Amino acid sequence: MGYVFVVVYLTIILIVIEINTILFTFTGLKKNIARFQVISMLTGTGFTTGESELIIDHPIRRRLGAFLILFGAFSLAVIISAISSILSDEFFTMKIGYVAGTLVLFLFVLKVGKVKNKLTVLFEHELERNFDLQDMTIKDVFLTEENDYLVEVPLHSSSTMIGGKLIEKLNSEEDINVLSIKRGEIIIRKKRLNTELQAGDFILMFGDKEVIRRIFKAELKEHEEEIKNEIDRRN
């Protein structure tokens, strides 16, 4: 009965992993990332990667994560207790020996040159096929240097940028990259530098913080004052 209990409980754990993986995908997380993080939390491994920030910064994912951590700690105690009970009845020297021998054989196979080369090509292909920048956080993609700056600048009615084009306003030699212009529900990317700017536009850009704050000083100042006034009104 001890074996049956362990198998049934492991089945429950696998089902819990799949259920939580699906729940995480409902929050917008990719399935492969979701499953890895679920297993990480369930086992208490605690990988401190950029992907973990996707869990911490999301309220629903944090609640699911808390459940997984608690369930994992309880499950570990249950499994250890069950295995200890089984081992107390008899020793499994021969069976453990078979497992050890199989692992040693597998290790030698992995050291064979042809096997190593084939697996290397296979894993590299899998990485190229599955790796996507959207799996990374904004910090990992854009904010790699101390002075990197990612900001969305609103154009108010008093902005001197209105009526002009970004290609005329920006120096190509300076470290500033316009990603898009948001105009209501419309996102302009292809012709972002040659589009005539209008009041109410939001310019999403990335580059050197000092350069951006110098060129868009008036727009950023007005926006910061607007936010400050809104906070004062609420208080």
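Data overview
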read-out: When each of K165/K191; K31/K118; K169/K190; K165/K217; K165/K190; K30/K190 is checked by Cα-Cα distance, pairs over 19 Å; value: K31/K118; K30/K190
read-out: Phi to ³J(HN,Hα) by Karplus 6.51 cos²θ - 1.76 cosθ + 1.60 over segment 100-105, Hz, x for Gly, Pro; value: 4, x, 5, 5, 5, 4
read-out: Gyration tensor verdict on segment 167-226 (Cα atoms; rounded if a/c is under 1.5, prolate if a/b is larger than b/c, oblate otherwise); value: oblate
read-out: Interchain or long-range residues, amide H under 5 Å from V153's placed H; value: I203, L204, M205
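No lab work stands behind these numbers, since they all come straight from the coordinates. Note that the structure is a prediction, hence the values are computed from the model and not measured.
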